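S.K.: Mind having a look at this structure? Questions to follow.
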Amino acid sequence: MRNTPLLNIVDTLQLQPRFFTLVGALRGAGLEVLLRSAGPFTLFAPVDSAFTALEPELRDGLARDFNRMRAVLEYHLLRNTLLASDLRHGLAKTVEGTALRIGATDDGFTVDHANVERTQIHCRNGVIHAIDAVIMPGYRPPVVAAALEESAWSGRRRTPQKRVLV
């Protein structure tokens, strides 16, 4: 059995059909050269369905705005190798300059609101973690109405309601 040498992040992505949109976006944002360099890098790589799930106006806006697209893609990128065994609940500074939130759940890990697949892809200059959503710098998911309702866990007492018997 022959050991094949590891490829860089861009070449590795190109061999995986589920990252077709990401490869084009990286090329269009001018990040292809960076991700072919020595690294090390960690890329949280949205699969094609993550780009498809974006609202059409947002997707089209990113395609037309080079700087915004680059900032969004740099938000998916860390300047170190963060293996699955290294993932912990906390913050990680991105190439874009802000921090993304890594969360631990019963099902695995999340970055911001995206789920991280359990399988990581090793590359010559880092590691790729596939994610199921495109994450945006500064995005905070909306609070669902159920979270705002009073409950036994909210610390507030409910006012007992009087029952009227007819």
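S.K.: Is one or more of the residues making up the stretch 86-94 open to solvent by less than 70 Å² (accessible area, probe 1.4 Å) and modelled with pLDDT of 90 or more?
M.R.: yes
S.K.: Is the stretch 4-21 home to any residue that is modelled with pLDDT under 90, of a type in the set (S, T, N, Q) and either open to solvent by 60 Å² or more (accessible area, probe 1.4 Å) or within 17 Å of the chain's Cα centre (by Cα) (or both)?
M.R.: The answer is yes; a qualifying residue exists.
S.K.: Are there any strands (runs of 3 or more DSSP E) wholly within the stretch 93-138 with 1 or more residues that are within 11 Å of the chain's Cα centre (by Cα) and aromatic (Phe, Trp, Tyr), and if so which? Lay out the reasoning, then the answer.
M.R.: Values: elements: 99-105, 108-111, 114-123, 126-131.
Because the criterion is at least 1 residues that are within 11 Å of the chain's Cα centre (by Cα) and aromatic (Phe, Trp, Tyr), the strands (runs of 3 or more DSSP E) in the stretch 93-138 that meet it are 108-111.
S.K.: Tell me, which residue of the stretch 29-52 that is aliphatic (A, V, I, L, M) and open to solvent by less than 80 Å² (accessible area, probe 1.4 Å) is nearest to Asp11 (Cα to Cα)?
M.R.: First, the residues of the stretch 29-52 that are aliphatic (A, V, I, L, M): 29, 31, 33-35, 38, 43, 45, 47, 50.
Going one step further and asking which of them are open to solvent by less than 80 Å² (accessible area, probe 1.4 Å), we end up with 29, 31, 34-35, 43, 45, 47, 50.
Values: Ala29: 16, Leu31: 13, Leu34: 12, Leu35: 9, Leu43: 13, Ala45: 14, Val47: 16, Ala50: 20 Å.
In this case the residue turns out to be Leu35.
S.K.: Return the residue satisfying two criteria in turn: it lies in the stretch 35-59 and is free of Cβ contacts under 8 Å to residues at least 40 places away in the same chain and part of a helix (DSSP H, G or I), and of such residues it is nearest to the chain's Cα centre (by Cα). Before you say what the answer is, go through the steps one by one.
M.R.: From the stretch 35-59, those free of Cβ contacts under 8 Å to residues at least 40 places away in the same chain are 48, 52, 55-59; that's our starting set.
Going one step further and asking which of them are part of a helix (DSSP H, G or I), we end up with 48, 52, 56-59.
On the way: Asp48: 13, Thr52: 15, Pro56: 19, Glu57: 20, Leu58: 16, Arg59: 16 Å.
For the stretch 35-59, the residue satisfying everything is Asp48.
S.K.: Here is a further query. Confirm whether Asp132 is open to solvent by 60 Å² or more (accessible area, probe 1.4 Å), within 19 Å of Ser49 (Cβ to Cβ) and touching a residue at least 60 places away in the same chain (Cβ under 8 Å).
M.R.: Details: open to solvent by 60 Å² or more (accessible area, probe 1.4 Å): yes; within 19 Å of Ser49 (Cβ to Cβ): yes; touching a residue at least 60 places away in the same chain (Cβ under 8 Å): yes.
Judged against the criteria, Asp132 is a match.
S.K.: Over 21 Å from Val47 (Cβ atoms) and among the hydroxyl-bearing types (Ser, Thr, Tyr): which single residue out of Thr94, Thr98 fits that description? I'd like the intermediate steps shown before the answer.
M.R.: Numbers: Thr94 fails: over 21 Å from Val47 (Cβ atoms).
Selected residue: Thr98, the only one of Thr94, Thr98 that is over 21 Å from Val47 (Cβ atoms) and among the hydroxyl-bearing types (Ser, Thr, Tyr).
S.K.: OK, next. Return yes or no: is Thr81 in contact (Cβ under 8 Å) with a residue 24 or more places away in the chain and loosely packed, with under 14 Cβ neighbours inside 10 Å?
M.R.: Values: in contact (Cβ under 8 Å) with a residue 24 or more places away in the chain: yes; loosely packed, with under 14 Cβ neighbours inside 10 Å: no.
Judged against the criteria, Thr81 is not a match.
The values are calculated or read from the model by the stated rules, or taken from the named source; none is laboratory data. Just so it is clear, the model here is predicted, and its values are computed rather than measured. With ideal geometry, Cβ positions are generated from the backbone for all residues, glycine too; neighbour counts draw on all protein chains shown. These area figures cover heavy atoms from the full protein model, side chains too; ligands, DNA and RNA do not enter into them. Shrake-Rupley method; radii C 1.70, N 1.55, O 1.52, S 1.80 Å.
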